[in-house]
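A short worksheet on the structure shown next.
Quick note: the coordinates plus some simple rules give every number you see, no bench work behind them. Note that the structure is predicted; figures quoted are calculated from it, not measured. So basically every Cβ, Gly included, is an ideal-geometry build from the backbone, and we count neighbours across all protein chains shown.
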Amino acid sequence: MTYMGELVTTNQNTGLVNLLHGKGGELAIPMPFERDIFLFDTYVAGTSYVDGIEDLEPHLSEGDKLDFFREPDNAYDDKAIVIRNTDGIKLGYVPRKDNIVFSRLMDAGKLLFGRISAKDWKDGWLKIDIKIYLHE
């Protein structure tokens, strides 16, 4: 029969001891499981209203992370979600036609963000395609 005291003081890294201790004998505490879940493809609305978008565009790249912020006091849309780059510069909004579910998720405390999937100038308008993710 093996006693718990023997398991804790053993020098072997096998069995139950291996589950409780990492290499060198330190306690191994598992990290919480985190993942980013893809939810939706859309674009950034309102880029034509952003001052200096022409100067900003060369600094935007496919794969860039975009931060989302709720704007419930928006005069035009109480479900508005502002999109900013990681430097805090406003690029526009999640389109109104797409924001109802995402705003509810954010209001419930869920962390949403975007990534640029493509960008293209169309008749003087910078179209920025994005993918929306839920960080869990």
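Determine one quarter of the surface area of the Cα convex hull of segment 36-135, which equals its mean projected area, and express it in nm² to one decimal.
Details: hull surface 24.5 nm².
Mean orientational projected area (segment 36-135, Cα hull): 6.1 nm².
What distance in nm separates the two pseudo spin-label positions at R115 and F69, each 7 Å out from Cα along the beta-carbon direction?
2.4
What ranking do S48, S117 get, fewest neighbouring Cβ atoms within 10 angstrom at the top?
S48, S117
What is the sum of charges, Lys and Arg at +1 and Asp and Glu at -1, for the other residues whose Cβ falls under 13 Å from the Cβ of V94?
Numbers: positive: R70, K79, R84, K90, R96, K97, R104, K131; negative: D41, D67, E71, D77, D98, D129.
Residues close to V94 contribute a combined charge of +2.
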